[in-house]
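The structure appears below as structure tokens.
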Amino acid sequence: MSSTIESLRVVGGARLEGEVAVLGAKNAALKHMVATLLAPGVHRLSNVPRILDVEIMGNVLRHVGAICARDGTTLEIDVPETPNPEAPLDLVRQMRASILILGTLLARTGEARVALPGGDDFGSRPIDLHLGGLENLGAVFELQHGVLRATAPDGLHGAEVFLEFPSVGATENILLASVLAEGTTTIGNAAREPELTDLATYLTAMGAKIDGAGTSTIKIHGVRELHPSDHRVVPDRLEAGTYAFAGAMTHGHVTIRDCVPAHLRMEMTKLADAGAVVTSGDDWITIEGPDRPGPIDFATLPFPGYHTDMHPQMVALLSVADGTSIATENVYDARFRYIGELNRMGADIHTDGQHIVIRGVEELSGCEVDGCDIRAAAALTIAGLRADGTTTIVGAHHADRGYDGFVEKLTALGATIDRI
């Protein structure tokens, strides 16, 4: 039995112009879907992107016993009174966000059986921070045959948890588990990402009592039960940022609508440092790209620092800069597989530990490359927009995991891109 691998084919040379609107954040919508399991009844999430990861998470929820129905960008989830406390390997291994079902099922049912998660391969991604935080709340874990079995023999209770690193996933898992725990939980050195703040907003609408979301200290006062609620997912800053970089790469003039400029402050600052003209309003950003970018240095950090998921797009832009740039990756230890693919296109990029040295070249050349994860596929597409000739990015499904209507939106801006 054979399967078809879709690719993206990009013809370089077009100057992107026009407007593009973004949908809700993938990294928020997936967490909200998990959060629905905390309260039986019908939940409605709006502004949900039509992407592969949302479909996968929907299948996880169905296995747990929920009924999921989509109408355009609205997702309706009917959660049962007694969820199945197990998430299967074949679904969980496809997406790392599925580990959040651990804290949620523990809070709701007192037990959970979850296969260790998969997703994009960015090197070691230990979940020790997740497990340590949940253990503080009263959870007990046992790993058997690749399945993590969790119980709470005496129920979950409030505790003080201090994270060694402001991990988004660990903060979310502890938050989801503690909203129904007895007593008060304090998370120190908590993540501050907008998607996490949006999750706290949703949980509050469900009846949770949460203080400090968006700061480094979050307090959760446990409640006995939650109720279903409707929620609009916060706009996707990574989708907005990707189209901004595409406009800059092509010396274009692109306006991104339905976004939150404050969520991209550091990325847009660095884009301006590279020579782009960046203007913004309440819910829009306009990019006027330079003829050729200037070199800059940047380092990825937790929010409000430069987002690691915007790192490959910036490196693609800097590959044609007039000078040498240095990027430092502080979040994931092995996120560099796309660099070899950019070098196949004629870029001059070298790594030294967590540092990347980018010597800008005047021109890239189109060829076949491997879009090995979501942001790599986006970065290689951006590179292809400027390259001489045609670039074929193998693995269109990676872009489909993170972008709703990627090809259609770029085409509407003037790109010559299609699926093969």
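What's the tally of Lys pairs in the chain whose alpha-carbon atoms lie under 23 angstrom apart, where the two lysines are 8 or more places apart or on different chains?
Within the chain, the lysine pair count is 4.
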TODO: Out of all DSSP beta bridges with both ends in the chain, state the antiparallel percent to the nearest 5.
DONE: 70
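With n ≥ 4 as the cut-off for DSSP H runs, can you work out [θ] at 222 nm for the chain, using -39500 (n - 2.57) per run divided by the number of residues, rounded to the nearest 500?
Working: 14 runs with 133 residues, N = 420.
After summing the helix terms and dividing by residue count, I get -9000 deg cm²/dmol.
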TODO: Rounded, prolate or oblate: pick one for region 167-283, where a ≥ b ≥ c are the square roots of the eigenvalues of its C-alpha gyration tensor, a/c under 1.5 means rounded, and failing that, prolate if a/b is larger than b/c, else oblate.
DONE: prolate
Open item on the list: Quick check: Cα centre of region 143-165 to Cα centre of region 196-211, how many Å?
Closed with: 21
- [ ] Consider the candidate values (1) 5, 23, 31, 24, 14, 4, 0; (2) 4, 19, 31, 28, 13, 3, 1, 0; (3) 4, 17, 21, 20, 19, 12, 5, 1, 0; state which one is P(r) over Cα pairs in 10 Å bins from 0, in percent computed from the structure displayed.
- [x] (1)
Task: Degrees separating the helix 26-35 axis from the principal Cα axis of the chain, which is the longest one - done: 10
Task: region 232-375: radius of gyration over Cα atoms, expressed as a fraction of 2.2 N^0.38 Å - done: 0.99
Task: Per-residue HN-Hα couplings for region 235-251 [Karplus 6.51, -1.76, 1.60; θ = phi - 60°; Hz; x = Gly/Pro] - done: x, 7, 5, 6, 5, 4, x, 4, 5, 5, 5, 4, x, 5, 4, 9, 6
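So if the hydrodynamic radius of region 26-232 is defined as the Kirkwood radius over C-alpha pairs, what does Stokes-Einstein give as its diffusion coefficient at 25 °C and 0.890 mPa s, in µm² per second?
This corresponds to a translational diffusion coefficient of 149 µm²/s.
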Open item on the list: Taking a ≥ b ≥ c as the square roots of the Cα gyration tensor eigenvalues, with a/c under 1.5 meaning rounded and otherwise prolate when a/b beats b/c, else oblate, which class fits region 1-93?
Closed with: oblate
- [ ] Using just the alpha carbons, could you tell me how many Å³ per residue the convex hull of region 306-347 encloses?
- [x] 72
Task: Whole-angstrom gap from region 306-349 to region 241-259, using each part's C-alpha centre - done: 18
TODO: Would you calculate the separation in nanometres between label points at V223 and T324, each defined as 7 Å from the Cα along the Cα-to-beta-carbon direction?
DONE: 5.7
Task: Spacing of the two label points (7 Å from each Cα toward its C-beta) at T204 and V11, in nm - done: 5.1
Open item on the list: With angles folded into 0 to 90 degrees, how steeply does helix 52-64 sit against the dominant principal axis of the chain? Use alpha carbons for both and round to 10.
Closed with: 10
Open item on the list: Give me the one-decimal nm value for the distance between modelled label points at E19 and L301, 7 Å along each residue's Cα-to-Cβ direction.
Closed with: 3.5
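Only the coordinates and a few stated rules stand behind these numbers; no lab work does. What you see is a predicted model; the values in this text were computed from it and never measured. Methodologically, a virtual Cβ is constructed for each residue, glycine included, from the backbone with ideal geometry; neighbour enumeration extends over all protein chains shown.
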